[in-house]
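The values are calculated or read from the model by the stated rules, or taken from the named source; none is laboratory data. These numbers were taken from a predicted model, which means no experiment stands behind them. Here the Cβ positions follow ideal geometry from the backbone for every residue, glycine too, while neighbour counts run over all protein chains shown.
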Amino acid sequence: MAEELTIGFLPLVDACLPILAREHGFAEEEGVSLTLVKDTSWATVLDRLLYGHSDAAHLVAPLAIATTLGRGRPAQPLSVPFVLGLNGNAITLKSDIAQRVGASGRLGDPATVGAALAEVVRERKDAGRPLRFGVVHRYSSHNYMLRYWLAACGIRPDRDVEIATVPPPFCADALEAGEVDGICVGEPWNSVAVERGVGRIVLATAQIWRRGVEKVLALREPVLAGKRDAVERLIRAMCRAGRHFVDPENWDANAAILARADYLDGDPVLIKRAISDRLLLARGGEIVHFPDFMFQYREAANFPWVSQAEWLYTQMVRWDGMAFDPADAVRAARVFRPDVYRSALIGTGEPLPGASSKVEGSLRQKTPVGTQQGIMTLEDNGFFDGKVFDPADLAGYLAALDPT
Amino acid sequence: MRIAIVDESAARASVIQEGLASLDDCEIFVVTERRGLVARIGEIAPDIVLMDLGNPSRDVLEEYFAVSRALARPIAMFVDESDDESIAASIDAGVSAYVVDGLSANRIKPLIDVAVRRFNAFARLQADLDEARGRLAERETIDKAKRILMDGRGLTEPKAYAEMRKAAMDQGRKIAEIADAIVTAHKLMANNQTGDA
């Protein structure tokens, strides 16, 4: 008899793995019957998870940490046994600003674009109309990537520029109405803004950190414990979905599925572009190929590295203005559950890294890494400013970041 | 008590408003516009905010409340951690309730109960309406199909309907599905005759 799991999601391209695990029958073959529940805000996806309407959720990674630590909701420990993807976001600016700071027709170098932006920031701040950016949620990697980039370029978030919350489907409207000057959001929403002619894509967040954790599959800790077997089956099914997703043979079919009304309810042309790592940066321009724009499977992208959870914690401390608390850091680290991932995939063909934590951003070239199973080569995973995150010293890392 | 109802559905908002109007000491404000939502909430300075779970602006409002916690009137979704049941009921009904700090539980509970009942009632009304619309559409299709059979094969109305009913029984389908098939086939055949090959 099939086990049942209900998974909540937001209509974004990176909700693809649970959706495709269902649509291609991968979940069914593992003996899991999936029901997918669509919502329109992270708050609601989270509430359904916390109040038992859903067993698991497609979630912005930092929110899983924040909820575990009791930020914004009474604390409930969440578990992340699977990462749904890295990268996949971009920064889109109003066309006039983009023209001043961006490289025309291609994605510029983050440091150069940031330096040019810093001038615009100064002008606008002096004129009493500071630049405003929209991100999807304060506990999102969009927020952290944007802030990381700005701060590293000498622009102080919240002091030199404002950062507001804008829901993904309203991003293009907000740019057009001038409510924000720039957005950091996932696809297809940057492309929607570009198609409407209200903005230009200036950076992919993958240029800020080449391998940044994005969305995760989150469950309440007790639910993971109670449905462990079903979750492990789901993990195997989603790995298959990941393999299927990255295969160019399947791009058209998968874009069509994701575009359906009950999923993203969007334009399959834009969705296929994102899936195939292609971006139209400005209306009327040329399409640019950005390898690894979306990253759902290779290099064990789905492995929940504990170091990623710890990095998210450091950014939460940095931007929430909290004091660093070693006990909280431990709680944050425990959210990511590589043990469950390993248990699900041991004995399958999937590569399993030997370590569960790593120094983030330290690799600048293809590097083979030790494995428990299979062969794994990691590629350049650097931060654009060359900084490296060593989970052995969280406090030191925080202290060394630019004062904000 | 100042209550803000944030709902893009004006119809549902008025159903909630009507329910709350019967409570003592409630001043009710309805916000259906997405633009300027935060500014409007700031103007209203509500003690309680009711917002439907389906509203994409929930994240915007929660961010505003998160920041407001640093200010004079903190407002949050969970007043009393032990009130899980009440919160679960609201989520079931599709409504989220944000309450200003310091409001006593016995003032909040009756209000949230009304909101939950009204949200559920509205959802049932919607479902009934959808079902009625569906039945009406089915009715229209069945009438169209009858007409096609009557015109095309010179059948009387009762005979046409009997044929459709037989086909439905033989194929194990609903009459509405048979009707749909007849109408669709007829359209395609008509196109073929008037148009190209």
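Please verify whether segment A:306-318 includes one or more residues that are over 21 Å from A:Gly382 (Cβ atoms) and within 22 Å of the chain's Cα centre (by Cα). Checked segment A:306-318: at least one residue is over 21 Å from A:Gly382 (Cβ atoms) and within 22 Å of the chain's Cα centre (by Cα).
Restricting attention to segment A:68-87, the residues that are over 20 Å from A:Tyr341 (Cβ atoms), in contact (Cβ under 8 Å) with a residue 40 or more places away in the chain and not aliphatic (A, V, I, L, M) total 3. Within segment B:19-39, the set of residues being touching a residue at least 12 places away in the same chain (Cβ under 8 Å) and not in a loop (DSSP other than H, G, I, E, B) comprises B:Gly19, B:Leu20, B:Glu27, B:Ile28, B:Phe29, B:Val30, B:Val31, B:Leu37, B:Val38.
Listed here are the residues, each with its yes/no results for (1) at pLDDT 80 or above; (2) over 14 Å from B:Ile5 (Cα atoms); (3) within 12 Å of chain A (Cβ to nearest Cβ).
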{"site": "B:Ile41", "(1), (2), (3)": "yes, no, no"}
{"site": "B:Leu61", "(1), (2), (3)": "yes, no, yes"}
{"site": "B:Ala72", "(1), (2), (3)": "no, yes, no"}
{"site": "B:Val79", "(1), (2), (3)": "no, yes, yes"}
{"site": "B:Glu85", "(1), (2), (3)": "yes, yes, yes"}
{"site": "B:Ala88", "(1), (2), (3)": "yes, yes, yes"}
{"site": "B:Asp92", "(1), (2), (3)": "yes, yes, yes"}
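Restricting segment A:305-340 to residues that are in a helix (DSSP H, G or I) and small (Gly, Ala, Ser) leaves a set whose member that is surrounded by the most Cβ atoms within 10 Å (Cβ to Cβ) is A:Ala309.
Exactly one of these conditions fails for A:Arg211: (1) surrounded by fewer than 24 Cβ atoms within 10 Å (Cβ to Cβ); (2) in a helix (DSSP H, G or I). Give me its number. All conditions pass for A:Arg211, except number (2). From the list A:Ala75, A:Ala90, which residue is within 14 Å of another protein chain (Cβ to nearest Cβ) and not in a helix (DSSP H, G or I)? One residue alone meets the criteria, A:Ala75.
The residue of segment A:134-152 that is surrounded by the most Cβ atoms within 10 Å (Cβ to Cβ), among those that are within 14 Å of another protein chain (Cβ to nearest Cβ) and not β-branched (Val, Ile, Thr), is A:Tyr139.
Screening A:Glu350 against (1) within 18 Å of the chain's Cα centre (by Cα); (2) within 23 Å of A:Val246 (Cα to Cα); (3) among the acidic types (Asp, Glu) leaves a single unmet condition, (1). Could you check, for segment A:60-79, whether at least one of its residues is over 28 Å from B:Val67 (Cβ atoms), in contact with a strand residue (DSSP E or B) (Cβ under 7 Å, 6 or more places away or on another chain) and modelled with pLDDT of 95 or more? Yes; the residues of segment A:60-79 include at least one that is over 28 Å from B:Val67 (Cβ atoms), in contact with a strand residue (DSSP E or B) (Cβ under 7 Å, 6 or more places away or on another chain) and modelled with pLDDT of 95 or more. For segment A:153-194, a tally of residues being closer than 24 Å to A:Leu84 by Cβ, away from chain B (no Cβ under 11 Å) and among the β-branched types (Val, Ile, Thr) returns 3. Does any residue of segment A:367-374 turn out to be surrounded by fewer than 16 Cβ atoms within 10 Å (Cβ to Cβ) and outside any strand (DSSP E or B)? Yes, because at least one residue in segment A:367-374 is surrounded by fewer than 16 Cβ atoms within 10 Å (Cβ to Cβ) and outside any strand (DSSP E or B). Being basic (Lys, Arg), part of a helix (DSSP H, G or I), out of contact with any Asp or Glu (no Cβ under 9 Å at 6 or more places or on another chain) and more than 30 Å from B:Gln17 (Cα to Cα) is a description that does not apply to B:Lys146.
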